[in-house]
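Rule-based calculations on the coordinates, nothing more; no lab input. Quick caveat, the model's predicted, so the values are computed rather than measured. So basically every Cβ, Gly included, is an ideal-geometry build from the backbone, and we count neighbours across all protein chains shown.
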Amino acid sequence: MVMFWVLLLAISILLYVLLDGLDLGVGMLFGLASGETRRSAMLSAVAPIWDGNETWLVITAVILWGAFPVVYATLLSAFYLPLIVMLLGLILRGVAFEFRYKTHRLRWVWDLSFAGGSLIATFIQGLTVGALVQGLQVTNGQYSGGAVGWLTPFAVLCGIGLCLGYALLGACWLAKKCEAEVRDVAHRQIPALALGVLAFLVVVFAYALAENLPILHRWIERPYLFVFPAMGAVAAIVLALSILRHNDHWPFYTVAVIFVSAFGTLALSFWPYMIPFVITIEQAASPHSSLAFMFWGCGLIVFPLMLIYTVVSYSVFRGKVGTTAGH
Amino acid sequence: MDMTALLLSRIQFAFTISFHIIFPSFTIGLAAWLTVLEAMALATGRPVYRVLFEFWLKIFGIAFGLGVVSGIVMAFQFGTNWSVLSKMTGPIQGPLLMYETFWAFMLEASFFGVLIFGRSRVPPWFYLFSTAMVALGTTFSAFFIMVNNSWMQVPSGYVMENGAFVPDDWTKILFNSVVWSRFPHMLLAAYLTGAFCVAATGAWYVLRKVYHAEARIMLRMGLGLAAVLMPIQLLFGHLNGEYVNTYQPSKMAAIEGRWNDEKPGSEVLFAWPDVEHRRNLFAITLPPPFGSLIDSDSLTAAETGLNSIPPENWPPVVIPFFAFRIMVGCGLVMLALAWVGSYLSYKHRLAYNRPLLWLTFFSFPLPFIAILTGWFTAEVGRQPWVVFGVLRTADAMTPFLTTTEATISLVIFCAVYAFIFLFGTFYIYRLIHTGPARKPFAVPHLAVPNRPMSLADEELIPESTHAGAGE
């Protein structure tokens, strides 16, 4: 039962990162684009999906609370300020998405909120992961790092890295979904962003070596962990080839594989800890009566239905969107 | 423990949840109203019901979107500010909120898509069915939220293990008398909110002499529904009083402004509770046994006063005392309006009675005020407990939260919410001001099931539609 909820949690987080990652990325690139034609084409490439993407964040939160309350309580309170700023960033961009079409005069306000909210939310997600990898300061089962304990150079670096990563994912999505100018710009951005992500990975690895982060020891103990980076490396090579060939579709799938391999790498190197080296899955899990109650009423049927619903809404929306958005 | 951080966290929770509850209480009522309209359109075949349906669907879209967006925060705030609570009650509250999220997502998201795109693609009965499913989804949400909150009011079906609340009987948690008097109370409140917003819109159109046919239906149906539901709501309000009296004597004593034990009890109608001296100033009181009659349905029952409860277990007396009276006051005004209005409407005299139309128009804030003050009564009256009788609010807060952090978060919450709330309300106002469109409904090009607010795009910027038509 515990493993069932670990699996659902992993699926939800991965789906959130991949799906909201691409529309947060589009949101950040939106800030760089000029002209209403390009902007509205970019928006229409994510319009039908962004809201559904964001629900995976809420689903992640309720699975955490219901199945692993200790982790929910510890993480959310430890990252108090960044989390609240992230939520407000997400709210602002969500509302901006809707309200920009309801006004002409104030459109710039909503455009700014959209790009800014995307950037803030992404940066904080990266920051959080970075701080977790580095290790939270916990004494007697309680976070003791202080109000800004998460603010380390490594965490900031990870924040920037995730901005590059989501932007890359967003650019690949735009290349896949759009035509004409938006696609051409995306094709120019993809190599630059890919190099940026590569540089980030090199720096992170060097930093981890220099600081001798505890996570590295896991790698020496568990050589099979290298499967995931190897998968990522293969994907990176395919990505490079598809960039050279100006393919519209392959970059997105290869970047998605790179994200999956990064997620798998992190998850397995933490295993069996949920908060690295402090709280394990077994320690965090809710009692059986809670897990079983959720299994019958939510996990068994409703969760698969939600997955199907997600697949259906993406397949309804397959193919290119028009540059002039529907006209 | 930082006492200022505690106070700020409580204010922040109260602020964000008050902001949030406005939208669901509106949309639960509207979803039911949409179902009725669609059923009427099918039954009578009159086009006016279709016009009304499409008009209110757009308003539903914006309110629903704002509700979803402000609800996201609630899923996180238990963990950020109340980490001890969420750790201890996670095994019970977590699953309940998961049911709420999963089921709402299933029903609302998928069937809302049918409402937007399905008119020409699905048979009429299925369209009606989808409307009902969206209404059912909002009702499910309300149910699990009420179960969750009722458990915090009167915890049951659990055992304590290693400092955590472990569920040992879910049927007790889901199906107890507290849930089943509080859930209908909330549901009826939401229906009344919908009814008064619809009636107020109708009154406004009659006063402005526009949309005559639609306005008359909105007035008649809104006030008529309220006239039927209001007495039932008062009954459920009374039933709520019984659970409070049984399980939460401290809340009851604060609501009643009752300081001393009385047998039988008197009933304070109005007063200014002077907490320091433990007395009521300027009190207007009904003699015994009215207090016992109202609180315990008895002529002789003993009623507990605050003096026999240790002061450290008192709620802040003044807030539940006044919040309760404001709620009841709003309810009584709504009852009077609904009955007089329905009577005049029945006599075909309402359309000429401008004072009553103005009153009806200005009545739309009343149900919202009643809902907010009702929740203030329930939640502030529960203090100093977060899980009544078991866990104190002060012990439930994140222990290392500082005043600085709590201040920063509260300030940015207020700023962002004020910003989006102002615009959201403004857009709803503009939609209602513009009124129903008597033309076939065109789905905006970017509208999708996941974006309820997008329904109103074309409506709100007509200039772009004209530009688009020329292309």
Which of the lysines could be linked to B:Lys347 by a straight reach, that is with a Cα gap under 30 Å, when you skip same-chain ones fewer than 8 residues away? B:Lys209
For the protein assembly as shown, I need the span (max minus min coordinate) of the C-alpha atoms along each principal axis, in Å, sorted largest to smallest. 86, 69, 42
Averaged across B:418-425, how many Cβ atoms of other chains sit within 10 Å of each residue's Cβ atom? 3
Gyration tensor verdict on segment B:127-250 (Cα atoms; rounded if a/c is under 1.5, prolate if a/b is larger than b/c, oblate otherwise): prolate
Taking the dipole about the Cα centre of chain B, with the C-beta of Lys and Arg at +1 and of Asp and Glu at -1, give me whichever of B:Thr404, B:Gly291, B:Ala41 is farthest to the positive side. B:Ala41
If the cut-off is 13 Å between C-alpha atoms, which aspartates and glutamates fall inside it for B:Lys87, apart from same-chain ones fewer than 8 positions away? B:Glu161, B:Asp395
Could you pull the Rg and Dmax for segment B:279-432, using just the Cα atoms, both in Å? 21.8, 65
For all pairs of alpha-carbon atoms in segment A:206-327, what percent lies in each bin of width 5 Å, listed from the first bin to the last filled one? 2, 8, 10, 12, 14, 15, 14, 11, 8, 5, 2, 0
B:Leu207-A:Leu209 pseudo-label distance in nm [points 7 Å out on the Cα-to-Cβ vector]: 7.5 nm
Computed FRET efficiency, Cβ-Cβ of A:Ala199 and B:Asn313, R0 60 Å: what is it to the nearest 0.05? 0.50
To the nearest 10 degrees, the tilt of helix A:250-270 (Cα long axis) against the first principal axis of the alpha carbons of chain A is 10 degrees
Trypsin sites (Lys or Arg not before Pro) restricted to DSSP loop in segment B:113-191 with at most 12 other C-beta within 10 Å: B:Arg121
How large is the dipole of the protein assembly as shown about the Cα centre if only Lys and Arg carry +1 and Asp and Glu carry -1, each at its Cβ, rounded to the nearest 20 debye? 2140 debye
Cβ-placed point charges (K, R +1; D, E -1), dipole of chain B about Cα centre in debye, nearest 20: 1660 debye
Any idea what the dipole of segment A:2-316 comes to, in debye rounded to 20, about its Cα centre with Lys/Arg Cβ at +1 and Asp/Glu Cβ at -1? 380 debye
Picking from B:Leu359, B:Ser177, B:Met146, whose Cα lies most toward the positive end of the charge dipole for the protein assembly as shown (charges on Cβ: Lys, Arg +1; Asp, Glu -1)? B:Leu359
Which whole-number percent gives the relative contact order of segment B:187-290, counting Cα pairs below 8 Å spaced six or more residues apart? 17 percent
The lysines whose Cα lies under 29 Å from the Cα of A:Lys177, excluding any fewer than 8 residues away in the same chain, are A:Lys102, A:Lys320, B:Lys58
In segment A:50-78, which residues have a backbone nitrogen under 20 Å from the label point lying 7 Å from A:Gln142's Cα in the Cα-to-Cβ direction? A:69-78
Round to the nearest 10 and give me the degree value, 0 to 90, for the angle of helix A:302-316's Cα axis relative to the longest principal axis of chain A. 20 degrees
Rank A:Gly165, A:Asn212, A:Leu291 by how far each Cα sits towards the positive end of the charge dipole of chain A (+1 on Lys, Arg Cβ; -1 on Asp, Glu Cβ) and give me just the farthest. A:Gly165
Apply the membrane-span-like helix rule to chain B: whole DSSP H runs, Cα extent along the own long axis of at least 15 Å, mean Kyte-Doolittle hydropathy at least -1.0. List the helices found. B:3-44, B:47-81, B:83-104, B:124-153, B:177-208, B:212-247, B:318-346, B:365-382, B:403-434
Rounded to the nearest whole number, the Stokes-Einstein translational diffusion coefficient of segment A:2-316 at 25 °C and 0.890 mPa s (Kirkwood radius, C-alpha pairs) in µm²/s is 120 µm²/s
Where does the longest stretch of chain A lie that holds no trypsin sites (Lys or Arg not before Pro) found in a DSSP loop with 14 or fewer other Cβ atoms within 10 Å? A:106-244
Contour minus end-to-end for B:Ile232 and B:Leu286, with contour as 0.36 nm per residue of separation and end-to-end as the Cα-Cα distance? 17.0 nm
Counting only C-alpha contacts under 8 Å and six or more residues apart, can you give the relative contact order of segment A:2-316 as a whole percent? 22 percent
Where both partners of a DSSP beta bridge lie in the protein assembly as shown, what percent of those bridges are antiparallel, to the nearest 5? 100 percent
For a quick size check, give me the Cα extents of segment B:251-303 along its three principal axes, largest first, whole Å. 30, 18, 15
Relative contact order for chain B using alpha-carbon pairs under 8 Å, separation at least 6, rounded to a whole percent? 22 percent
Given 25 °C and 0.890 mPa s, how large is the Stokes-Einstein diffusion coefficient of chain B in µm²/s, with Rh as the Kirkwood radius over Cα pairs? 103 µm²/s
Plugging the Cβ-Cβ distance of A:Ile11 and A:Glu282 into 1/(1 + (r/R0)^6) at R0 = 30 Å yields, to the nearest 0.05, a FRET efficiency of 0.90
Give a residue-ordered list of calculated ³J(HN,Hα) values for segment A:147-157 (Karplus: 6.51 cos²θ - 1.76 cosθ + 1.60, θ = phi - 60°; whole Hz; x for Gly, Pro). 4, 10, x, 7, 8, 10, x, 5, 5, 4, 4
